[in-house]
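Just below is one structure, and these are the notes that go with it.
The values are calculated or read from the model by the stated rules, or taken from the named source; none is laboratory data. Everything numeric here is computed off the predicted structure, so don't read it as measured data. Note: ideal-geometry Cβ built from the backbone for every residue, glycine included; neighbour counts use all protein chains shown.
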Amino acid sequence: MIHEALNQNVVAALRECVMFSGMSDIQFSQVLQFSDLLHKKPDHMLFQQGMDLSHIYFVYDGAIKLVRSTIKGDEKIIEVVFPGNTFAEGVLFAGKPKYPVTAIALKPSIIVSIQAQPFLKLLKSSADLCINMLGHLSVRLHWMVKELDKQTLHNAAFRVVDYFLTQAQDAAEDEFTLKLKVTKRDIASRLSIKPETFSRALKSLENKGLIVIEEKKIILKNLPQLRSLLNTEAL
C-alpha cells in the first residue's frame, strides 16, 4: 500500500464531493490531515468483508467493485464505484463497524483513504456536519431502494437498458456511444443477471435495432425510444 500526500487535483476533486462540499475550509483541512492517497492495481483488495472498519474512501480515478461473498464462495457485485464517489461511510455510525462488503480494484485506481475515527470525531463536533452526512446517506439509501426495485420487479432487458441510460444521462444527441468501463461479466453481476442472460438481452436489443454492439462499446441508436420503452416498461 503506497501512501502519498494529496496533490492539488485530488484535493479539488475531494472538495467537490457531496460528502465534503458542506464543510468549512477549516473542517476540510482537518480531513486532509488524516487522509492518504493510495494506488491500487487491478484485482488488488482494499478491504475484506467482515474486517473492522478503519477507513472510508473516495475514488479519484479508476473503478472499485464492492462485492459480497456467499458461503459457497459465489461473488455478487453490489456496486461499482467510479471517480467522484465515496464508499464505506454507510457503516461509520455502527457500534463496532465492520465492512459489509469486499472492495476490489477493477482497473488501475487512485483512491483517497480517510481515517474513520478522526472523521467520526469531526462529525460529532458539528451538528451541521452530521445533518449534511445524514442527507448524503439518505440519498444513498433511496438509490439502493430503487436499485432493489429494479432487480426484483423488472426483467433483464429492462435492467440492461436502465443501466445504459444511466450512463448516458447527459447525452444531448439521440445517439450515444457508451464506452464500457468494466467487463460485461461484471455488469451482469451488478445487475443480478447471469452473463448468458445479459448476452441474450444485448442480442435482443441489437436485433430490434436499438443498439449496436462493439467490443468495448455499446452504441445506443435511439435514446428517446429507449427512454420511452423504459418509462412504459415495454421491454
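Select, from Leu226, Leu178, the only residue that is buried (at least 17 other Cβ atoms within 10 Å of the Cβ), part of a strand (DSSP E or B) and outside the structural domain of Ile78 (by TED's automatic domain parsing).
Working: Leu226 fails: part of a strand (DSSP E or B).
Answer to the check: Leu178.
Checking the condition of a type in the set (D, E, K, R) and farther than 20 Å from Cys17 by Cβ, which residue from Asp128, Asp43 passes? Talk me through it step by step, then tell me what you get.
Numbers: Asp128 fails: farther than 20 Å from Cys17 by Cβ.
That would be Asp43, the only listed residue that is of a type in the set (D, E, K, R) and farther than 20 Å from Cys17 by Cβ.
Does region 199-209 contain any residue that is under 21 Å from Val80 (Cα atoms), touching a strand residue (DSSP E or B) at 6+ places or on another chain (Cβ under 9 Å) and without any contact (Cβ under 8 Å) to a residue 40 or more places away in the chain?
Scanning region 199-209 turns up no residue that is under 21 Å from Val80 (Cα atoms), touching a strand residue (DSSP E or B) at 6+ places or on another chain (Cβ under 9 Å) and without any contact (Cβ under 8 Å) to a residue 40 or more places away in the chain.
Residues to consider are Met51, Met133; find the one that is out of contact with any Cys (no Cβ under 9 Å at 6 or more places or on another chain), in the same structural domain as Arg15 (by TED's automatic domain parsing) and either among the basic types (Lys, Arg) or farther than 23 Å from Val11 by Cα (or both).
Working: Met133 fails: either among the basic types (Lys, Arg) or farther than 23 Å from Val11 by Cα (or both).
Just one listed residue meets the conditions, Met51.
Would you mind finding the one in Pro100, Pro108 that is surrounded by fewer than 14 Cβ atoms within 10 Å (Cβ to Cβ), in the same structural domain as Ala12 (by TED's automatic domain parsing) and over 18 Å from Met19 (Cβ atoms)?
Step by step, each of Pro100, Pro108 is checked, and only Pro108 is surrounded by fewer than 14 Cβ atoms within 10 Å (Cβ to Cβ), in the same structural domain as Ala12 (by TED's automatic domain parsing) and over 18 Å from Met19 (Cβ atoms).
Given the structure, is Ile131 outside any helix (DSSP H, G or I) and either more than 14 Å from the chain's Cα centre (by Cα) or of a type in the set (Val, Ile, Thr) (or both)?
Numbers: outside any helix (DSSP H, G or I): no; either more than 14 Å from the chain's Cα centre (by Cα) or of a type in the set (Val, Ile, Thr) (or both): yes.
No; evaluated as a whole, the condition is false for this residue.
Count, please, the residues in region 181-204 that happen to be farther than 14 Å from Ile64 by Cα, modelled with pLDDT of 85 or more and either among the aliphatic types (A, V, I, L, M) or not in a helix (DSSP H, G or I) (or both).
Looking only at that region, the number is 6.
Only residues that are within 14 Å of Glu79 (Cα to Cα) and surrounded by fewer than 18 Cβ atoms within 10 Å (Cβ to Cβ): list them for region 185-197, please.
Residues satisfying the conditions are Arg185, Ser192.
So, restricting to strands (runs of 3 or more DSSP E) that lie completely within region 1-95, which ones have at least 3 residues that are aromatic (Phe, Trp, Tyr) and surrounded by 12 or more Cβ atoms within 10 Å (Cβ to Cβ)?
Numbers: elements: 35-40, 45-47, 55-61, 64-69, 75-81.
It comes to 55-61.
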